[in-house]
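One structure is given below, encoded as structure tokens.
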């Protein structure tokens, strides 16, 4: 399992996490679902969580649906999701696992430490939905450190 993503798109995700700090950022990974999954675009979305946005994110259902329609119109598919972990490691939390619904999709997490993007890791939700499996990130184009 691997996720291929161009360096400029990874930079966009990291910058989104920094802009939203100390809130979690979130968005969609768009592209093609073959192995490796290939990201060709990202769609930043608004964190709709109003109770604890610094520890949780929620996708606005209307925004999510509109982004999926736009992706289909452009011949792309949703291959995964991304979000940030402000001042926490780039690994899935218990809540991330409980709320993940799509096996076979990538879940990319960026650690944002004191407002600066740090490590980035990607995971695939297992078919049984009981755990995540870490996947390799293949950065294409100009190198971008992901720790």
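The values are calculated or read from the model by the stated rules, or taken from the named source; none is laboratory data. Treat the numbers as computed from the prediction; the structure is a model and nothing was measured. With ideal geometry, Cβ positions are generated from the backbone for all residues, glycine too; neighbour counts draw on all protein chains shown.
Inspect region 85-94 for any residue being in contact with a helix residue (DSSP H, G or I) (Cβ under 7 Å, 6 or more places away or on another chain) and closer than 26 Å to residue 127 by Cα and give the result as yes or no. No, that holds for no residue.
Just to check your reading of the model, which residue among 42, 78, 112, 120 is farther than 21 Å from residue 31 by Cβ and within 14 Å of the chain's Cα centre (by Cα)? Sole residue among the options that is farther than 21 Å from residue 31 by Cβ and within 14 Å of the chain's Cα centre (by Cα): 112. The condition (being modelled with pLDDT of 95 or more, under 19 Å from residue 134 (Cβ atoms) and in contact with a strand residue (DSSP E or B) (Cβ under 8 Å, 6 or more places away or on another chain)) is satisfied by just one residue among 3, 9: 3. The residue list 96, 66 contains one member that is buried (at least 16 other Cβ atoms within 10 Å of the Cβ), farther than 20 Å from residue 6 by Cα and out of contact with any strand residue (DSSP E or B) (no Cβ under 6 Å at 6 or more places or on another chain), which is 96.
Which is more than 11 Å from the chain's Cα centre (by Cα), crowded, with 19+ Cβ neighbours inside 10 Å and at pLDDT 95 or above, of 73, 14, 19, 23?
One residue alone meets the criteria, 23.
When 137, 133, 109 are checked against the criterion of being buried (at least 21 other Cβ atoms within 10 Å of the Cβ), in contact with a strand residue (DSSP E or B) (Cβ under 9 Å, 6 or more places away or on another chain) and in contact (Cβ under 8 Å) with a residue 12 or more places away in the chain, 109 stands alone in meeting it.
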